[in-house]
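The numbers here are math on the coordinates, done by the rules we state, and not lab data. Everything quoted here is computed from the prediction, not taken from an experiment. Positions of Cβ are backbone-derived with ideal geometry, glycine not excepted, and every protein chain shown enters the neighbour counts.
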Amino acid sequence: MQNIKIKICGITSVYDARMVCSFPIHAIGLNFVKRSKRRISLRTAKEILAKIPPLVEPVLIFENEKISEVIYTAVTLGVNTLQLHGSETVSYCHDLKRFNKYLKIIKALPTKEASVSQLNAYKKVCDCFLLDSYDRKDQMGGTGKPSDWSIAQEIVSKTRLPVILAGGLNPYNVNSAIKRVKPFGIDVNSGVESKVGKKDKSMVERLFEELST
């Protein structure tokens, strides 16, 4: 599996959480973006967190949310890893870290707009970066549309900062994406779903079969 970190995003139920955690994943994404079809409630998040293994890291996903709401959600759930999917500034990230220096922040960026200089601007306040195929004016991810791998490859090749590749990854293209981009990790969402918000065990199995080759 090439020592790559694997995150399955858009988990919406305890059933799906337990199912994906039966595979050798490193993290799951819990969505709190108001406009997302995979958004979950605090109650559902608590139920999911109570059932996942201790070595699987939960990641809370937000988009241009009030800092007070992000902090409230993180504290309520006892989760320290955040993924910011909007136009959050360096100052915004700094304010989150000021509240809790142990917070880990993954800053998501549209691949087509991303650059090494942009990553460098955030590197003192963010722990990791995620390149996705989303458009800031369109859906926030999970669309099945692949990222521009050539841009992602160029960025990864020019920085030592950890970069997660997202955007349209599925069992049929994941190995090609990893081979070309060489990311720190991958983020898979719609590529292992039978419908929006419902993960498909057979697709997850196929994903890991491909990753093991």
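Only helices enter the 222 nm calculation for the chain: every DSSP H run of n ≥ 4 contributes -39,500 (n - 2.57), and dividing by all residues gives -9500 deg cm²/dmol, rounded to 500.
Phi angles across region 185-195 convert, under the Karplus curve 6.51 cos²θ - 1.76 cosθ + 1.60 with θ = phi - 60°, into 3J(HN,Hα) values of x, 10, 10, 10, 9, 5, x, 10, 10, 8, 7 Hz, Gly and Pro given as x. DSSP assigns beta bridges within the chain; of those with both partners inside it, close to 5 percent run antiparallel.
Which pairs in the list LYS101/LYS123; LYS66/LYS123; LYS7/LYS195 are over 20 Å apart, alpha-carbon to alpha-carbon? Intermediate results must be reported in sequence, preceding the final value.
Values: LYS101/LYS123 15 Å; LYS66/LYS123 22 Å; LYS7/LYS195 18 Å.
From the list (LYS101/LYS123; LYS66/LYS123; LYS7/LYS195), the Cα-Cα distance tops 20 Å for LYS66/LYS123.
For the pair region 10-24 / region 46-125, the C-alpha centres are spaced 21 Å from each other. The Cα atoms of the chain define a convex hull whose projected area, averaged across directions, is 10.4 nm².
Within region 36-120, report the chymotrypsin sites (Phe, Trp or Tyr not before Pro) that DSSP leaves as loop and that have at most 14 other Cβ atoms within 10 Å.
On the way: sites: PHE62, TYR72, TYR92, PHE99, TYR102; in loops: TYR102.
Listed in order of number, the matching sites are TYR102.
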